[in-house]
Amino acid sequence: MKKIVVTGGAGFIGSAFIRHQLKTYPEIHVVNFDKLTYAGNLDNVKECDLGRYTFVQGDIADRGAIQSAMEGCDAIVNFAADTHVDRSIMGATDFISTNCTGVYNICEAARELKTQRVLLVSTDEVYGSIREGSFKETDPPQPRNPYSASKAGGELIALAHFETFGTPIVITRGSNTYGPYQYPEKVMPLFITNLIDGEQVPLYQGGEHNVRDWLWVYDHASGIDTALRKGELGQIYNVAGGNERENIVLTHKLLSGCGRDESFIRLVKDRPGHDFRYSIDASKLRGLGWTPTMDWDQGVSETVDWYKNNEWWWRKIKSGEFLEYYRKQYEER
Ligand code: NAD
Ligand code: TYD
């Protein structure tokens, strides 16, 4: 693969994937196609080598724009999405436009241009919640919130495209991802940056024992890369962190990493329809040679240190659009 288009490459995982590609493959050229929504940030890709990297601002819901960016590329990896569950509960129109219509446009453009591979980055949330055991790729999607429903919709559109037209689709379903450059609406960077500022963390009451499986962002990037290069067309691959933790356990870990005590927890009204537990089995991807490398304790402490050392990155985010969102989201809870 010589030229790949990465959509949503100015976001959290997409930018890590671009850094991973440029470092791992000396010959590769990456086109980053991103709408630059509130979550898109060119600071995330500012260290990319301009000789092998191009940025194009555009919307995957705009068929002409994404098709012209894809011309001459060997593969496309789609990270572009609206991604935050709480925002999808406030309104999901953009989620459906990007996560369903956008994916359809990518499939149509790939069909027309005969693109060799289309990797869709999806999420373990499409399975819904599971009390015991872990989901396998053969389990049916049962999404329970507007975000995960829109992601499942995009997946089904793409799989139908594979069946009908032979479009070369591969899908990954990753678990909750953490690390540097994550927009501070998500639980880890929100809690860490609040604690650095001496503010309380809004832990959802009733969700203290809910479980998420944490995946280091560069392990997620290498999992997607494995599926892109070695995955079978028309197949789905789970990418699991193997680090299931209750929210209260995560919260205590972040409190201690930031030198704060329990008085910094503020219990707030729970998210409606809050999924209890996500758990996936990644043996299919491991069968292609992928293995996650980051130890949980080390990953969390590296993440805490990164936010402590990179206030330049998150302070400007937390002072803009974010403040209005935070007020709406948390003040009446
Ligand atoms: P993010 O919210 O940090 O970034 C999303 C990026 O997509 C932003 O740069 C944004 O500007 C861009 N974008 C949004 N709408 C667009 C559009 N219509 N056209 C072009 N660009 C658009 O997201 P993330 O956390 O990096 O997630 C990336 C992908 O990984 C998503 O598809 C998400 O569903 C999936 N995923 C995320 C997680 C997680 O824990 N964050 C876990 C599993 C899967
Ligand atoms: P989040 O980072 O939003 O990811 P997702 O909902 O996609 O898994 O939330 C992770 C967990 O943290 C989830 O169980 C909800 C909980 N949470 C809180 O308790 N307080 C918060 O302010 C946020 C954003 C999340």
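What follows is calculated from the coordinates using simple rules that are stated; it is not laboratory data. It should be emphasised that the depicted structure is a prediction, and the values quoted were computed from it without experimental measurement. All Cβ positions, glycine included, derive from the backbone under ideal geometry; neighbour counts span all protein chains shown.
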Rounded to 10°, Cα long-axis angle of helix 146-165 versus longest principal axis of the chain
20 degrees
Please list, or write none, the lysines whose alpha carbon is within less than 25 Å of the alpha carbon of Lys230, excluding same-chain residues fewer than 8 places away.
Lys2, Lys3, Lys23, Lys114, Lys136, Lys151, Lys284
Taking springs between alpha-carbon atoms closer than 10 angstrom, which of Leu267, Leu159, Leu120 fluctuates most in the Gaussian network model of the chain?
Leu267
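What is the magnitude of the charge dipole of the chain about its Cα centre, with +1 placed on the Cβ of each Lys and Arg, -1 on the Cβ of each Asp and Glu, and no other charges, expressed in debye to the nearest 20?
Working: 37 positive and 45 negative charges, 72 e Å.
With Lys and Arg at +1 and Asp and Glu at -1, about 340 debye.
Just need the relative contact order of the stretch 1-136 here, percent rounded to a whole number, with Cα pairs under 8 Å and 6+ apart. Don't jump to the answer; show the numbers that get you there.
Numbers: 216 pairs, mean separation 34.9, N = 136.
That works out to 26 percent.
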For Lys316, the lysines lying under 23 Å Cα to Cα, once residues fewer than eight places off in the same chain are dropped, come out as Lys35, Lys46, Lys186, Lys308, Lys328
HN-Hα J couplings of the stretch 319-333 from phi, Karplus 6.51/-1.76/1.60, θ = phi - 60°, integer Hz, Gly and Pro as x?
9, x, 3, 4, 4, 5, 4, 4, 4, 4, 6, 10, 5, 8, 7
Quick one: length gained pulling Tyr325 to Arg229 fully straight, 0.36 nm per residue minus the C-alpha distance?
30.7 nm
Karplus-derived 3J(HN,Hα) from phi for the stretch 120-133 (6.51 cos²θ - 1.76 cosθ + 1.60, θ = phi - 60°), whole Hz, x at Gly and Pro, runs 9, 7, 10, 9, 5, 5, 5, 6, x, 8, 9, 6, 9, x
Rounded to 5, the percent of DSSP beta bridges in the chain classed as antiparallel
10 percent
By the Kirkwood definition, with r running over pairs of different Cα atoms, the stretch 187-281 has a hydrodynamic radius in Å of 15.1 Å
For a quick check: with amide H placed at 1.01 Å from N, whose amide H comes under 5 Å from Glu208's, ignoring anything fewer than 5 positions away on the same chain?
none
How high is the relative contact order of the chain, given as a whole-number percent (alpha carbon pairs under 8 Å, six or more residues apart)?
17 percent
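Please give the charge dipole size of the stretch 48-140, origin at the Cα centre, charges +1 on K and R Cβ atoms and -1 on D and E Cβ atoms. Round to the nearest 20 debye. Kindly include the intermediate steps, with their values, before the conclusion.
Values: 8 positive and 15 negative charges, 42 e Å.
Taking the Cα centre of the stretch 48-140 as origin, the dipole is about 200 debye.
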Calculate, in nm to one decimal, what Leu36 and Asp62 gain on full extension: separation in residues at 0.36 nm each, minus their alpha carbon distance.
8.0 nm
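Under a Cβ-Cβ cut-off of 9 Å, what is the net charge of the residues other than Tyr204 that fall near it, where Lys and Arg count +1 and Asp and Glu count -1?
Numbers: positive: Lys269, Arg271, Arg333; negative: Glu208, Asp270.
Combined, the nearby Lys, Arg, Asp and Glu give +1.
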Tell me, in nm to one decimal, what length is gained between Val249 and Lys308 on full extension, where the rule is 0.36 nm per residue of separation less the Cα-Cα distance?
19.2 nm
Under the classification rounded if a/c is under 1.5, otherwise prolate if a/b is larger than b/c and oblate if not, where does the stretch 68-204 fall, given a ≥ b ≥ c as square roots of the Cα gyration tensor eigenvalues?
prolate
